[in-house]
Amino acid sequence: MSKWERFLSRETSLLKTSEIRDLLKLTEGKNVISLAGGLPDPSTFPSEDIKNITDYVLQNFSSRALQYSATAGIPELRESLVNLSNKRGIMNINNENIFVTVGSQEALFILFNILVDPKDHVFVEMPSYLAALNILRSRTPTFHGIPVTDSGTDLDSLEQQLKRMKEENQKPKLLYIIPTAQNPGGTTLTLDDRKRVLELASEYDFLIIEDDAYGFLVFDGEAPPAIKALDKEGRVIYTGTFSKILAPGMRLGWIVADQEIINEVELFKQNVDLHTPSFTQFIAAEAIKRNVIQNNLPKIRSLYKEKRDVMLKAMEDYFPKTAKWSKPVGGMFVFAWASEKIDTLQLLSKALNSGVAYVPGSSFFYDYSGRNTMRLNFSFPNREQLERGIKILGQLIKE
Ligand SMILES: Cc1ncc(COP(=O)(O)O)c(C=O)c1O
């Protein structure tokens, strides 16, 4: 217990450090193959283009790029993001529907803070993105889980739960969903299911937060349009990120939403950090304008597809037949279910001793269930590490 704990606010004491993070920290600097991270492959960063653009920005816009700027983002980037959103099928929006944030993590933080009160009924996928669940947990809502199957989120389960809530006079507030190349499952919702989830939102009157972190990273077939693209009522609040399509170190993300929501986000962000760094916004706007991002996407997709194939092949070869795993159509992760007997949190220390790290899957469940699951990253390790890491892990699970 810390010496200063008695001074911490109630909210802060809800933010427990995770035992997993503590365990993984022990591996830093050691010779451990990490399938645990969520890092893009650095070879995909367009460093030379970023260097040229940075020179150009400093030569032409230094007085603005190095200055304070508007809370909602610089006009040039908001404009460019209208165009980039069109590529996800999101039309009929303008600058006023776009809000620039410090990564999409900040977007989620602000949205959950302005929307969720204690006990509000919030739907999340099981499994879902760990760091979004952590923000939500700090809002102390009433969680409702929707299982994710091979074809994406189980909307029959969502509908049943909505019906039951209605009978009990309870009102749903929002659904947080990652419908495209989900983290951690890698699954993608079909076009019909995208329409159905909107119909449910309309019928039962709730908001949808659509996290499209991997919308540009679908490598098997075409990505369906974002749910936001089909939204006629303005119920969908969309979040995007430059982290997977340009570079996470830029710390840039964005929101697409109804202007009224954008105004509320703006009031909140003024209290958080005034605005997103002007400098990286100028660089990103220029990167979109010069098609740097659009031209780089095919390379990222084909690299990740190849790495996914290496991981899946190794899992076929080395994982026991009792295990199951997702076949991601995009993104950076495979999610695996070992047999019920196996506790992946306990297995982690053994795995680390044998030289391989992964994230135990329970963190991706709002109620910490899924104790026999694990998330495996394929974007960062090289091919040889992927194969060796999976081989070691497969042997451990078999033992
Ligand atoms: C589903 C999802 N949403 C949001 C984020 C946040 O990323 P960033 O803040 O870098 O945009 C991540 C990062 O891994 C993610 O996987």
Beyond 20 Å, what share of the Cα-Cα pairs of the stretch 56-169 is found? Please give it as a whole percent. 62 percent
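Let me have the relative contact order for the chain, percent, based on Cα pairs under 8 Å that are six or more residues apart. The partial results should precede the final answer.
Details: 711 pairs, mean separation 98.3, N = 399.
Relative contact order of the chain: 25 percent.
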Going down the list LYS327/LYS391; LYS228/LYS324; LYS244/LYS289; LYS119/LYS163, which pairs span over 24 Å between their C-alpha atoms? LYS228/LYS324
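Once you have the Cα-Cα distance between GLU167 and SER369, take 0.36 nm times their residue separation minus that, and quote the gain in nm to one decimal.
Numbers: separation 202, 0.36 × 202 = 72.72 nm, distance 2.70 nm.
Length difference between fully extended and current span is 70.0 nm.
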Taking amide hydrogens as modeled 1.01 Å from N in the peptide plane, which residues meet the under 5 Å criterion relative to THR101, leaving out close sequence neighbours? GLY253, TRP254, ILE255
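Using r as the Cβ-Cβ distance of GLN67 and GLU384, and R0 as 41 Å, what FRET efficiency do you calculate, to the nearest 0.05? Write out the running numbers ahead of the final one.
Working: r = 47 Å, r/R0 = 1.14.
My answer for the efficiency is 0.30.
If I stretch the segment between ASP317 and GLU199 completely, what's the gain in nm (0.36 nm per residue apart, minus their alpha carbon distance), one decimal? Walk me through the numbers before you get to the answer.
Details: separation 118, 0.36 × 118 = 42.48 nm, distance 4.25 nm.
Gain in length upon complete extension: 38.2 nm.
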Considering amide H positions built from the backbone, and no H for Pro or chain starts, which residues 5 or more places from TRP325, or on another chain, come under 5 Å of its amide H? TRP337
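At a 1.4 Å probe, what is the % contribution of carbon and sulfur to the accessible area of the chain? Intermediate values should be presented prior to the final figure.
Working: 9210 of 18270 Å².
Whole-percent figure for carbon plus sulfur exposure: 50.
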Once both label points are put 7 Å beyond Cα along the C-beta direction, the GLU399-PHE7 separation in nm becomes 4.6 nm
Phi to ³J(HN,Hα) by Karplus 6.51 cos²θ - 1.76 cosθ + 1.60 over the stretch 161-171, Hz, x for Gly, Pro: 5, 5, 4, 4, 4, 5, 4, 9, 6, 9, 9
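Might you tell me the accessible area per residue for the chain, computed with a 1.4 Å probe and given in Å²? Write out the running numbers ahead of the final one.
Working: 18270 Å² over 399 residues.
Per-residue accessible area for the chain comes out at 46 Å².
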Would you please give the residues with an amide H less than 5 Å from that of ILE342, counting only those at least 5 places away or on a separate chain, with H modeled from the backbone geometry? none
Looking at the stretch 232-312, which trypsin sites (Lys or Arg not before Pro) are in a loop (DSSP not H, G, I, E or B) and have at most 13 other Cβ atoms within 10 Å? LYS232
Once you put a point 7 Å from the Cα of GLN59 and another 7 Å from the Cα of ASN353, both along the Cβ direction, what distance in nm separates them? 6.0 nm
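Give me the number: length gained by fully extending SER47 to LEU303, i.e. 0.36 nm times residue separation minus the C-alpha to C-alpha distance, one decimal in nm.
Working it through step by step, the gained length comes to 90.5 nm.
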With θ set to phi - 60°, apply the Karplus curve 6.51 cos²θ - 1.76 cosθ + 1.60 along the stretch 342-359 and write out the HN-Hα couplings as whole Hz, x wherever there is a Gly or Pro. 8, 9, 6, 6, 5, 5, 4, 4, 4, 4, 5, 5, 8, x, 9, 10, 8, 9
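Please go through the stretch 75-179 and write out the GluC sites (Glu not before Pro) that DSSP classes as loop and that have at most 10 other C-beta atoms within 10 Å.
Values: sites: GLU76, GLU79, GLU96, GLU106, GLU125, GLU159, GLU167, GLU168; in loops: GLU168.
Listed in order of number, the matching sites are GLU168.
Roughly what % antiparallel, to the nearest 5, for the DSSP beta bridges in the chain? Walk me through the intermediate numbers first.
Numbers: 20 of 40 bridges.
Among the beta bridges of the chain, antiparallel pairing accounts for roughly 50 percent.
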Show me, for the stretch 246-252, the HN-Hα J-couplings you get by feeding each phi into the Karplus relation (A = 6.51, B = -1.76, C = 1.60, θ = phi - 60°), rounded to Hz, glycine and proline as x. 9, 6, x, x, 6, 6, 10
Anisotropy class of the stretch 48-293 from Cα gyration tensor, a/c 1.5 cut: prolate
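Nearest-5 percent of antiparallel DSSP beta bridges in the stretch 193-267?
Values: 4 of 8 bridges.
If we restrict to bridges inside the stretch 193-267, about 50 percent are antiparallel.
The values are calculated or read from the model by the stated rules, or taken from the named source; none is laboratory data. The model shown is predicted, which means the values in this text are computed figures rather than measured ones. All Cβ positions, even for glycine, are placed from backbone atoms using ideal geometry, and neighbour counts span all protein chains on display. The area values use the complete protein model at the heavy-atom level, side chains included, leaving out ligands, DNA and RNA. Shrake-Rupley method; radii C 1.70, N 1.55, O 1.52, S 1.80 Å.
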